[in-house]
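Participant: Before I ask anything, let me first share the structure, which is written out below as structure tokens.
We did not get these values from a lab; they are worked out from the coordinates using the rules stated. Just so it is clear, the structure is predicted and the values come from calculations on it, not from any experiment. Reconstructed Cβ throughout: ideal geometry from the backbone, glycine too, with neighbour counts over all protein chains shown.
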Amino acid sequence: MTDMSKVIILFGVSGCGKSLIGKKLSLDLKFKFIEGDDLHSNENIEKMNNNIPLNDNDREIWIKDINTEINRLKNENVVVACSALKEAYRQALINGVDGDIDWFCLKGTFDLIKKRLDSREDHFFKSDLLDSQFNIIEYPDYCKFIDITQRPDIIVEKIKSEL
């Protein structure tokens, strides 16, 4: 790795494993971990709890808050878990970030992710909202795609080998 800080961003629809993989990866690499879900406003969480999809305005402040956290840790190596579904969100996420940025999209089928969401307990994002995320996600050509059908430890090793 270089002398500059490294930022690894894991993105994709809800339920694809960003948090699980991000935590494991950050522990393996001894990087700081930023959980995007922890930075949602109470209003956003309430909307999602009520099965109302977030819109661009809802996500704008949330993305800015994650960006602020990344920039606050600018001298640290970090792993970020954030849906970052659209290119505009991804650009706002890294606004002013000075460092080496690696993008990984955790990708799986709708049915697999819905099954995961349906088995998840006590989370504000329910599977009824999954269509809204699959409908708006934009897949960039600059990221590495990671198949989520593999075991988490295999996914972490795959990501580490791509760095």
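Participant: Going by how many other Cβ atoms sit within 10 Å of their own, how do Arg72, Arg151 line up, fewest first? Please list the in-between numbers first.
Facilitator: Details: Arg72 12, Arg151 8.
If I rank by nearby Cβ atoms, fewest first, I get Arg151, Arg72.
Participant: Computed over the Cα atoms, what is the radius of gyration of the chain divided by 2.2 N^0.38 Å, N being its residue count? If you can, show how the numbers build up before the last one.
Facilitator: Numbers: Rg = 14.9 Å, N = 163, 2.2 N^0.38 = 15.2 Å.
Expressed relative to 2.2 N^0.38 Å, the Cα Rg reads 0.98.
Participant: Just want the answer: with Cβ charges of +1 for Lys and Arg and -1 for Asp and Glu, which residue in Phe31, Thr68, Ala81 is farthest toward the dipole's positive end in the chain?
Facilitator: The residue sitting most towards the positive pole is Phe31.
Participant: Can I ask one more? Of Tyr89, Tyr142, how do they rank once you tally other Cβ atoms within 10 Å and put the fewest first?
Facilitator: Numbers: Tyr89 20, Tyr142 9.
Result, fewest neighbours first: Tyr142, Tyr89.
Participant: Amide H to amide H under 5 Å from Asn77: which residues, 5+ apart in sequence or cross-chain, H placed 1.01 Å off N in plane?
Facilitator: Lys6, Lys32
Participant: Compute the label zone of Leu27 within region 129-163: residues whose backbone N is under 12 Å from the point 7 Å along Cα-to-Cβ.
Facilitator: 153
Participant: While we're looking at this one, here's another question. Which ³J(HN,Hα) values in Hz, rounded to whole numbers, follow from the phi angles of region 79-85 under the Karplus curve 6.51 cos²θ - 1.76 cosθ + 1.60, where θ = phi - 60° and Gly and Pro get x?
Facilitator: 10, 10, 10, 7, 4, 6, 5
Participant: Starting with the fewest neighbours, write out Ile159, Ile94, Ile9 ranked by other beta-carbon atoms found within 10 Å of each beta-carbon.
Facilitator: Working: Ile159 23, Ile94 20, Ile9 26.
Arranged by neighbour count, lowest to highest, Ile159, Ile94, Ile9 become Ile94, Ile159, Ile9.
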